[in-house]
Amino acid sequence: MQDRYFSFEFFPPKTAEGTEKLRNTRAQLAPLKPKYISVTFGAGGTTQQGTLDAVLEIQRDGIEAAPHLSCVGSSRESIRAILQQYRDGGIRHIVALRGDMPSGMGEIGEFRYANELVEFIRAETGDWFNIEVAAYPEYHPQAKSPRHDLDNFVRKVKAGADSAITQYFYNADAYFRFVDDVRALGVEVPIVPGIMPITNYSQLMRFSEMCGAEVPRWVAKRLESFGDDRESIRAFGLDVVTALCERLLAAGVPGLHFYTLNAAGATKAIWQRLKL
Ligand code: FAD
């Protein structure tokens, strides 16, 4: 149990009010002693300053911070400059991604896939950063085939990743199968399940459609049946996600990474139910 680790993910707030709300969320989650807190990065550099400000503030609070860095639409020069800013700020942990170009925004840039970013970070900064990459137990929505996606994941890890965080999922078997498949292909790094608490039916369905995560029919049907009854959605979501985490922990996962969406309530409630 001791060597399992738990981490939280935030996104950089866009307003002063959002910044205050995030500080409050952090104050509520800090006592849970996460191994680190990660902060997302808008593809094409749209949140570059916001991500930097947020991670520096987290580090100042004495919690390890891990900025995400997505490379689509970027030049080597701009990624080099961002890596330097993180190094100057004492950041040693990074989540390396391709990202998705916002529609209508600019050129692809000098990196096509995340494996190229991981290679670049290693070539530029050696062992300075602990590098996480993304994993997709239900496969990336643009993957040519499941096998192609697995091979691409393996390539990305072999480029120098230390560990991986998965896209969220509600089918534990998809995760177990993914881990078995990549272990058979020689991947040994920890693969930490990403956990998305359920608090809002329409938002969950929208996100899941975009990122290719399956919400099981029985879960979707039950959530839909609650209509605007947010309390029932919250209670049912808590049951479903707690049971998923229990199953994952019982199977010996290396840790859990919570997509908090900058709110403490649902993550804390799952935490308490798990008696972590
Ligand atoms: P890649 O690993 O590059 O894979 C993308 C697709 O290309 C896959 O279909 C893969 O099979 C294929 N592929 C990969 N390598 C090759 C290759 N060499 N040749 C041919 N095909 C290849 N997005 C953000 O913008 N900001 C964030 O902060 C952010 N954080 C995230 C955190 C986590 C934990 C996860 C799971 C996702 C996050 N995302 C974020 C979303 C992510 O950027 C998208 O899912 C994106 O579409 C893929 O990024 P990737 O790094 O997984 O890409």
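A few notes on this one:
- Assessment of the range 257-267 against the conditions (out of contact with any strand residue (DSSP E or B) (no Cβ under 6 Å at 6 or more places or on another chain) and either under 30 Å from Glu188 (Cβ atoms) or surrounded by 19 or more Cβ atoms within 10 Å (Cβ to Cβ) (or both)) yields at least one matching residue.
- Looking across Gly73, Gly90, Gly62, one residue alone is surrounded by 21 or more Cβ atoms within 10 Å (Cβ to Cβ) and over 18 Å from the mean Cα position of the chain (by Cα). It is Gly73.
- Every listed requirement among (1) surrounded by 15 or more Cβ atoms within 10 Å (Cβ to Cβ); (2) of a type in the set (Gly, Ala, Ser); (3) under 21 Å from the mean Cα position of the chain (by Cα) is met by Ala220 save one, (3).
- Failed criterion for Leu22 (all others in (1) modelled with pLDDT of 95 or more; (2) away from the ligand (no atom under 16 Å from the Cβ); (3) within 18 Å of the chain's Cα centre (by Cα) hold): (2)
The values are calculated or read from the model by the stated rules, or taken from the named source; none is laboratory data. As the structure is a computational prediction, the values presented were derived from the model and not from experiment. Quick reminder, even Gly has a Cβ in these numbers, built from the backbone with ideal geometry, and neighbours come from all protein chains shown.
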